[in-house]
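Here's the structure we're looking at; comments come further down.
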Amino acid sequence: MNRLLTVVSSSFVLVAGCGAPSSDSGSSAIRGVTDTEIVIGSQNDLSGPVGLLGLDAVNGARLRFEEANASGGVHGRQIRFIVEDAQYQVPRAIQATNKLVNRDNIFAMILNMGTPMNNATMQTLFDAGVPNLFPISGARQMVEPFRPMMFTARGIYYDEARAGVRYFVDELGKQNVCVMYQDTDYGQEVYEAAHDQLEAMGMALTAETSHQPTDTEFTAAVLRLRNANCDAIVLGTINRDTILIFETARKMGWGDVIFGGTNASYNRSIAAVESGAAEGYYAFVHIAVPYADDDMTPEVARWFQSYTDRFGTEPGYPSVEGYRNAGLLVDALDIAGPDLTADAVLAALESMTDYRDIFGYRLTFGPDDHKAVDESVLMTVSNGRWVKLEESVSY
């Protein structure tokens, strides 16, 4: 089967699971729940600037929901998964969310894509009584302030950047820590994390540079940090700018510096850049990229093969995230029982104080803690691929 999912109609509605959309509420007064189904929604990016990330995450979730449905559903109800392609655009995300809430009558939102999209739509969800579960964003706004109907299950950029700074100083002996970051809310969060962690350690930033997300020339910025004698650089970058910075440093022959980033600057394309400029790059992330020749448990190996067969491509780390988070929801629906309500699902998630997924990651929720991830996985690029160095790094 082709990797790309079928996109239907001009509103980019993607339907997965059992049956077509229906306005029939059955005998239940709970939104998105009938005697036979539970309707779950997602506004995501399937064809925009982060479409590969969004598609992998959606495919991972789709696979887990299909497994649940094949096993008889949850308390006899099938899961119907409706995904709207908002193309990483705030207006489209608002439109998609309004449709999912008001027309599709979803029970819960999962894998809501993007920081600005979440910020623009979460209140609409809460006002309708729809939980916003496991958004694809590492911004602090996803966990601060505490929101009863919001749960996260990925690393927070601020936490990952602080963990990186501490590791560079304590474990690698670096003394001149610098930052290169996008002049955006995301980049500012990484900058603040580096500043705050160094201050807590009685140190100060040696130098910093900022740039626009569309910038493509980094010679002056890299030269400035080289002249400042930076020995470690924390990156508040994403994909293209990350690669361009590495290429610039390589062309200058600057080899006595290390770079570290967050889950926003972590994917296979960065590791596999043809010039090898990413070699030695560190990323402090929440999930390791899977490779076919990894040493896997039988359960993970079956998942890997099942995903590859289903979608015609090997899974990436967003596939792990989507599958795991859909599994969290399936388990919460099961714990909530046949008399399903949003409050029952939220209470079920809060009861998961030591959740272990099939990939070996531990997640911890509680009544006052809806942020499941408190540690980073340390990855580095070696021979064009990601290699795990440590399982749990924190600040």
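The values are calculated or read from the model by the stated rules, or taken from the named source; none is laboratory data. In this text the structure is predicted, and so the values were computed from the model without any measurement. When we count neighbours, we look across all protein chains shown, and the Cβ atoms used for this are built from the backbone with ideal geometry, even at glycine.
Sort through Glu160, Glu192, Glu171 and tell me the only one that's closer than 25 Å to Leu378 by Cβ, crowded, with 20+ Cβ neighbours inside 10 Å and among the charged types (D, E, K, R).
Sole residue among the options that is closer than 25 Å to Leu378 by Cβ, crowded, with 20+ Cβ neighbours inside 10 Å and among the charged types (D, E, K, R): Glu160.
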Do we have any residue at all in region 375-387 that's free of Cβ contacts under 8 Å to residues at least 12 places away in the same chain, closer than 18 Å to Ser265 by Cα and in the same structural domain as Glu279 (by TED's automatic domain parsing)? yes
When you look at Ala249, is it over 25 Å from the mean Cα position of the chain (by Cα) and either under 27 Å from Tyr317 (Cβ atoms) or among the aliphatic types (A, V, I, L, M) (or both), yes or no? yes
Leading residue by the ranking (farthest from Ser137 (Cα to Cα)) among those in region 315-338 that are among the charged types (D, E, K, R) and buried (at least 16 other Cβ atoms within 10 Å of the Cβ): Asp331
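Could you please find all residues in region 119-137 being among the hydroxyl-bearing types (Ser, Thr, Tyr) and more than 20 Å from the chain's Cα centre (by Cα)? Before the answer, list the steps.
Residues of region 119-137 that are among the hydroxyl-bearing types (Ser, Thr, Tyr), as a first pass: 121, 124, 137.
Listed by number, the list holds a single entry, Thr124.
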Complete set of residues in region 218-254 that are free of Cβ contacts under 8 Å to residues at least 24 places away in the same chain and exposed (fewer than 15 other Cβ atoms within 10 Å of the Cβ): Ala220, Asn227, Lys251, Gly253
Mind telling me which of the residues Tyr186, Tyr158, Tyr181 ends up being at pLDDT below 95, aromatic (Phe, Trp, Tyr) and within 23 Å of Leu53 (Cα to Cα)? Tyr186
Please verify whether region 94-102 includes one or more residues that are farther than 20 Å from Met149 by Cα and either touching a residue at least 60 places away in the same chain (Cβ under 8 Å) or in a loop (DSSP other than H, G, I, E, B) (or both). yes
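Conditions (1) surrounded by fewer than 20 Cβ atoms within 10 Å (Cβ to Cβ); (2) within 13 Å of Ile136 (Cβ to Cβ); (3) not assigned by TED's automatic domain parsing to the domain that holds Ala332, marked per residue:
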residue	(1), (2), (3)
Ile38	no, no, no
Val50	no, yes, no
Phe65	no, no, no
Gly72	yes, no, no
Gly76	yes, no, no
Gln89	yes, no, no
Val101	no, no, no
Phe107	no, no, no
Could you figure out which of (1) out of contact with any Leu (no Cβ under 7 Å at 6 or more places or on another chain); (2) aromatic (Phe, Trp, Tyr); (3) at pLDDT 95 or above isn't true of Tyr266? (3)
Residue pairs qualifying under the 6 Å Cβ cut-off, at least six apart or on distinct chains, with the first in region 133-158 being touching a residue at least 24 places away in the same chain (Cβ under 8 Å) and the second being hydroxyl-bearing (Ser, Thr, Tyr) and in a loop (DSSP other than H, G, I, E, B), are Tyr157/Thr262
Residues to consider are Tyr88, Tyr158; find the one that is of a type in the set (Ser, Thr, Tyr), in contact with a Gly (Cβ under 9 Å, 6 or more places away or on another chain) and either outside any helix (DSSP H, G or I) or closer than 23 Å to Ala347 by Cα (or both). Tyr88
If Asp339 satisfies every condition in (1) closer than 23 Å to Gly76 by Cα; (2) of a type outside the set (Ser, Thr, Tyr); (3) outside any loop (DSSP other than H, G, I, E, B) but one, which is the exception? (3)
Filter pass, Thr6 being at pLDDT 85 or above, on the phi < 0 side of the Ramachandran plot, surrounded by fewer than 19 Cβ atoms within 10 Å (Cβ to Cβ) and among the polar types (S, T, N, Q): no
Just checking, which of Arg324, Arg310 is part of a helix (DSSP H, G or I) and touching a helix residue (DSSP H, G or I) at 6+ places or on another chain (Cβ under 7 Å)? Arg310
Here's a check for you: in region 238-285, which residue that is of a type in the set (D, E, K, R) and in contact with a strand residue (DSSP E or B) (Cβ under 8 Å, 6 or more places away or on another chain) is farthest from Val179 (Cα to Cα)? Arg268
Which of the residues that make up region 279-306 are touching a helix residue (DSSP H, G or I) at 6+ places or on another chain (Cβ under 8 Å), part of a helix (DSSP H, G or I) and surrounded by fewer than 23 Cβ atoms within 10 Å (Cβ to Cβ)? Ser306
Here are the criteria: (1) of a type in the set (A, V, I, L, M, F, W, C); (2) surrounded by 22 or more Cβ atoms within 10 Å (Cβ to Cβ); (3) more than 25 Å from Thr34 (Cα to Cα). Tell me which single one Ile94 does not satisfy. (2)
Residues in region 247-277 that are of a type in the set (A, V, I, L, M, F, W, C), within 15 Å of Ala221 (Cα to Cα) and in a helix (DSSP H, G or I): how many? 2
